[in-house]
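First comes the structure, then the notes that go with it.
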Amino acid sequence: MAKEVSPGVLALRKVVEDVYADARVAKKEGKLVGWSSSKFPCELAEAFGLNVMYPENQAAGIAANRDGEIMCKAAEDLGFDNDICGYTRISLAYAAGKRASRKVDLETGEYVINPNSGKPLKDENGKVVMGEDGKPVKDPKTMQPYTVLDDIHEIEALPDGREKDLRRAAIKPYRQMQMPQPDFVLCCNNICNCMTKWYENIARMCNVPLIMIDIPYNNTVEVHDTNVAYVRAQFDHAIKQLEELTGKKFDEKKFEEACANANRTASAWLRVCDYLQYKPAPYSGFDLFNHMADVVTARGRVQAAEAFEQLEKDLAEAVKTGKSTTPFPEKYRVMFEGIPCWPKLPNLFKPLKEHGVNVTAVVYAPAFGFVYNNMDEMVRAYYKAPNSVCIEQGVSWREGICKDNKVDGVLVHYNRSCKPWSGYMAEMQRRFTEDLGIPCAGFDGDQADPRNFNEAQYETRVQGLVEAMEANAENKEG
Amino acid sequence: MSMEKIESLLKEFAEISEHPHRQIEAFKAEGKKVIGVLPYYAPEELVYAAGMVPMGIWGSNKKTISMAKEYCATFYCTIAQLALEMLLDGTLDDLDGLITPTICDTLRPMSQNFRVAMKDKLPCIFLAHPQQRKPAFGLQFTMDQYQHVKSELEKISGNTITDEALREAIKVYNRSRAARREFVKLAGEHPDAVSAVNRSGVLRAAWFMIKDDHTAKLEALNAELRALPACDWKGKKIVTSGIICDNPKLLQIFDENKIAIAADDVAHESRPIRVDAAETGDPMMALAQQFADQDYDILLYDEFSSQNRRGDFVVKQVKDSGAQGLVLFMQQFCDPEEMEYPYLKKALDAAGIPHIKLGVDQQMRDFGQASTAIQAFADVL
């Protein structure tokens, strides 16, 4: 997936890096750092100038860095069943102090390299060098130390000295494994009720206050005034709790700024998403998954809005010059339904590339496009999260982007981690096919736990979808 | 004489609990309308006050998931899936309506599947409880939701639910809850007279009977149990915990191993009957307040979440009931139960209370493994 990186993408990467870096600095300075669910109204915390981290984004990052399994297992050792959402397990293991570390030799102070890691060594002609055992030789530059599980509480209990220093330094350096522990937690359960118990568990483990915004499931497309009143009252209650926590008064001006930024980010995000409507698309929907980190962690920051606006400019240019970051000619266009399998992104991408299938629609596009003009509208916006809406709203969102983004089929991820998301997908699939005349294929996977993904099944399902799309295209031509 | 009476009453409850469909048929034959009530915390009082019969739907120990597969992936709890199965396979064709609460992540999308699958066939009444149930705004939201349920029930029944009728329903339900609470206590004290299987039959039958009838029978049973001499129980006593444990074959293993159930922390049994509703004042507010007063439940938000209140509560239950251990029936794919297990375990371990976690689901037919685990557990108690 090597490709040219546009200024907008670089800016977006920096925004997320900065969010994490700022929180690390804040923690060192003794300031409060909170953990928040991805669809908690961040505007409220922004109004208090609080540094906030996002465990869902963190878990996705840990999974993409291939440490999902070791962290999931760590949570299972704490008693959390492997049926529980993979993000939750990773996050709870982290909250409990568990860390993925590099195996270090305490005598030499060096990392112990895993001989099975690394990419195959290639010769000057680009051919893989084979060893005497008939297996490809590994490129030593790409080899990695063994990953082991460590525990910050255990490390901190050690006497000052070499072991303590080495183990501290061995914790993997990527930002998601270096996230500061929370001083408070912000939970909004609009996307799932698992969130409620997840955050209660963090609050208990870390003995920190929990600020809760409960958004119950909604059975109608419109959000009733009574529902708005309930959530609005909770916003006011949360503000009071934040005032108590910070000892500061709610800063109306900062709040309005955050709202303006969040709106600007959301609008720019939606416009970036809309570039997938071009045929061929100037980028792959998989790229959107990467940019989600910005919408989640920084939508209330002006830098996020500016970075998305930059990306928008880059895309306009790409369309003008006929460029695309998709590294293959686009033959078919599909909607990818659900959260991607983060630990298996290359495996997800491979058969799509082989068959010329570009992902030109993802459900996250409308799901994060929170645009509003006042507090009540803000409530309504947060009421409409991916898993809090009724089937009619869910279908309408998806069919809208399927039509706008001109998809030929739908690839449905039955995500073992997400019961509320996968729970009505079978009926949705039937509706997509009936309403849009496009084929759908489902596969079993997981957003964070690589053990729940079956590559062979996935490849077969993609193949089946491609055949169905091919037949559909022939019928249309005929 | 009294043991005979007890046995005969227990047998009646067991019969009803094993044949809910006969109950529906009998209600229909009397011209009554029947409303299916899915878990959890639906205000049955509203159904009663509308002159209809609420019928609890907690899956089935006899069915296998087949038609429901058209709607559900495999990783959903069998209670919800088998409820859908029975709606699809005709078992519940006699129902006049269905209340679909949405307090867990399985029931949320399932509420949509129920509604879609029952389109044009059965009115489905949506119910979303708030998690912030205690503050004034939470009480108001519960009342708003119950108001919706009430008006939908009125449409089905053709009756207006008056405040008076609702207050009367609350009285009936309070009395039922009190009788069930007393029965749970008495059954724990007299395991020689009430086996684990029969205990379950009594509590399960409550979901399938008009509460006046259930309470009358139960009060008679309680009176007989009260009159028994103190029981010199040679076996062990435990507290059960979990969503549901109503399979007679599974419970029989407890009886065979002389393990009595001293109390329970079970969603299908005691969790919903712990608190009553006020019998005076605004009855809708009384119902909302009753829901707000529910506590120590894996499904409900705990505003004091940095404490381990639920774990401590269950420990106290074990101690107060004189049990020596706890058996957790871990319903497969039930993430709320799974999420609260580590802290339940922590509290139990800290109190020195042994426990076992038994994985269960309603399609289990072979209890060999459970039997071995229960026997081994009895030995350590």
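Table: residues versus (1) part of a loop (DSSP other than H, G, I, E, B); (2) touching a helix residue (DSSP H, G or I) at 6+ places or on another chain (Cβ under 7 Å); (3) not hydrophobic (A, V, I, L, M, F, W, C).
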| residue | (1), (2), (3) |
| --- | --- |
| B:Gln81 | no, yes, yes |
| B:Met86 | no, no, no |
| B:Asp93 | yes, no, yes |
| B:Ile99 | no, yes, no |
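Residues of segment B:299-326 being in contact (Cβ under 8 Å) with a residue 40 or more places away in the chain, of a type in the set (A, V, I, L, M) and either within 14 Å of chain A (Cβ to nearest Cβ) or not in a strand (DSSP E or B) (or both), which ones?
B:Leu299, B:Leu300, B:Val314, B:Val318, B:Ala323
Check off (1) in a strand (DSSP E or B); (2) surrounded by fewer than 18 Cβ atoms within 10 Å (Cβ to Cβ) for B:Phe329 and give me the number that stays unchecked.
Result: B:Phe329 passes all but (2).
This table checks each residue for (1) on the phi > 0 side of the Ramachandran plot; (2) assigned to a loop (DSSP other than H, G, I, E, B); (3) modelled with pLDDT of 95 or more; (4) in contact with a His (Cβ under 9 Å, 6 or more places away or on another chain).
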position	(1), (2), (3), (4)
A:Met71	no, no, yes, no
A:Leu92	no, no, yes, no
A:Arg99	no, no, yes, no
A:Gly126	yes, yes, no, no
A:Gly134	yes, yes, no, no
A:Lys141	no, no, no, no
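Mind listing whichever residues of segment A:204-223 are at the interface with chain B (Cβ under 8 Å from one of its Cβ atoms) and surrounded by fewer than 16 Cβ atoms within 10 Å (Cβ to Cβ)?
Residue satisfying the conditions is A:Asn207 alone.
Do you know which residues across segment B:113-157 are closer than 25 Å to B:Asp93 by Cβ, of a type in the set (Phe, Trp, Tyr) and at the interface with chain A (Cβ under 10 Å from one of its Cβ atoms)?
B:Phe126
Is there any pair linking a residue in segment B:335-363 that is more than 7 Å from chain A (Cβ to nearest Cβ) and surrounded by 21 or more Cβ atoms within 10 Å (Cβ to Cβ) to one that is basic (Lys, Arg) and not in a helix (DSSP H, G or I), with Cβ under 8 Å and at least six apart or on different chains, and which?
B:Gln362/B:Lys63
Restricting segment A:377-415 to residues that are surrounded by fewer than 19 Cβ atoms within 10 Å (Cβ to Cβ), within 15 Å of A:Leu276 (Cα to Cα) and in contact (Cβ under 8 Å) with a residue 60 or more places away in the chain, which is nearest to the other protein chains (Cβ to nearest Cβ)?
A:Asp404
Of the residues A:Ile202, A:Ile191, only one is among the aliphatic types (A, V, I, L, M), in a loop (DSSP other than H, G, I, E, B), touching a residue at least 40 places away in the same chain (Cβ under 8 Å) and not assigned by TED's automatic domain parsing to the domain that holds A:Asn116; which? Please lay out each step first, then the result.
Details: A:Ile202 fails: in a loop (DSSP other than H, G, I, E, B).
Checking each option against the conditions leaves just A:Ile191.
Would you mind telling me which numbered condition in (1) in contact with a helix residue (DSSP H, G or I) (Cβ under 9 Å, 6 or more places away or on another chain); (2) in a helix (DSSP H, G or I); (3) modelled with pLDDT of 95 or more A:Val9 fails?
Of everything listed in (1) in contact with a helix residue (DSSP H, G or I) (Cβ under 9 Å, 6 or more places away or on another chain); (2) in a helix (DSSP H, G or I); (3) modelled with pLDDT of 95 or more, A:Val9 misses just condition (3).
If I filter segment A:341-357 down to residues being over 24 Å from A:Val296 (Cα atoms) and out of contact with any strand residue (DSSP E or B) (no Cβ under 9 Å at 6 or more places or on another chain), which single residue comes out as surrounded by the fewest Cβ atoms within 10 Å (Cβ to Cβ)? Full working, then the answer.
Initially, segment A:341-357 is screened for residues over 24 Å from A:Val296 (Cα atoms), giving A:347, A:350-357.
Right, trim to out of contact with any strand residue (DSSP E or B) (no Cβ under 9 Å at 6 or more places or on another chain) and you get A:347, A:350, A:353-354.
On the way: A:Asn347: 15, A:Lys350: 15, A:Lys353: 15, A:Glu354: 13.
Going through the qualifying residues, I end up with A:Glu354.
Within segment A:416-448, count every residue that is over 27 Å from A:Asn82 (Cβ atoms) and either away from chain B (no Cβ under 13 Å) or modelled with pLDDT under 95 (or both).
Within segment A:416-448, residues that are over 27 Å from A:Asn82 (Cβ atoms) and either away from chain B (no Cβ under 13 Å) or modelled with pLDDT under 95 (or both) number 8.
Just the residues that are without any contact (Cβ under 8 Å) to a residue 40 or more places away in the chain and under 14 Å from B:Ala42 (Cβ atoms), please, taken from segment B:131-148.
B:Gln145, B:His148
Do the conditions hold for A:Glu154, that is, is it away from chain B (no Cβ under 14 Å) and either β-branched (Val, Ile, Thr) or part of a helix (DSSP H, G or I) (or both)? Break it down stepwise before answering.
Numbers: away from chain B (no Cβ under 14 Å): yes; either β-branched (Val, Ile, Thr) or part of a helix (DSSP H, G or I) (or both): yes.
Answer is yes for this residue.
Rundown of residues vs (1) surrounded by 19 or more Cβ atoms within 10 Å (Cβ to Cβ); (2) farther than 28 Å from A:Val33 by Cα; (3) basic (Lys, Arg); (4) touching a Lys or Arg at 6+ places or on another chain (Cβ under 7 Å), yes/no style:
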{"residue": "A:Ala304", "(1), (2), (3), (4)": "yes, no, no, no"}
{"residue": "A:Ala307", "(1), (2), (3), (4)": "yes, no, no, no"}
{"residue": "A:Thr321", "(1), (2), (3), (4)": "no, yes, no, no"}
{"residue": "A:Pro329", "(1), (2), (3), (4)": "no, yes, no, no"}
{"residue": "A:Tyr332", "(1), (2), (3), (4)": "yes, yes, no, no"}
{"residue": "A:Ile339", "(1), (2), (3), (4)": "yes, no, no, no"}
{"residue": "A:Val359", "(1), (2), (3), (4)": "yes, yes, no, no"}
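I'd like the full set of residues that are assigned to a helix (DSSP H, G or I) and of a type in the set (Lys, Arg), limited to segment A:251-281. Please lay out each step first, then the result.
Our first condition is that a residue be assigned to a helix (DSSP H, G or I); within segment A:251-281, this holds for A:252-277.
Of everything in segment A:251-281, those that are assigned to a helix (DSSP H, G or I) and of a type in the set (Lys, Arg) turn out to be A:Lys253, A:Lys254, A:Arg264, A:Arg271.
Quick test of your reading of the structure: B:Val275 fulfils all but one of (1) within 14 Å of chain A (Cβ to nearest Cβ); (2) over 22 Å from B:Ala370 (Cβ atoms). Name the failing condition by number.
Just one mismatch for B:Val275, condition (1).
The values are calculated or read from the model by the stated rules, or taken from the named source; none is laboratory data. Model, not experiment: these values are computed from the prediction. Reconstructed Cβ throughout: ideal geometry from the backbone, glycine too, with neighbour counts over all protein chains shown.
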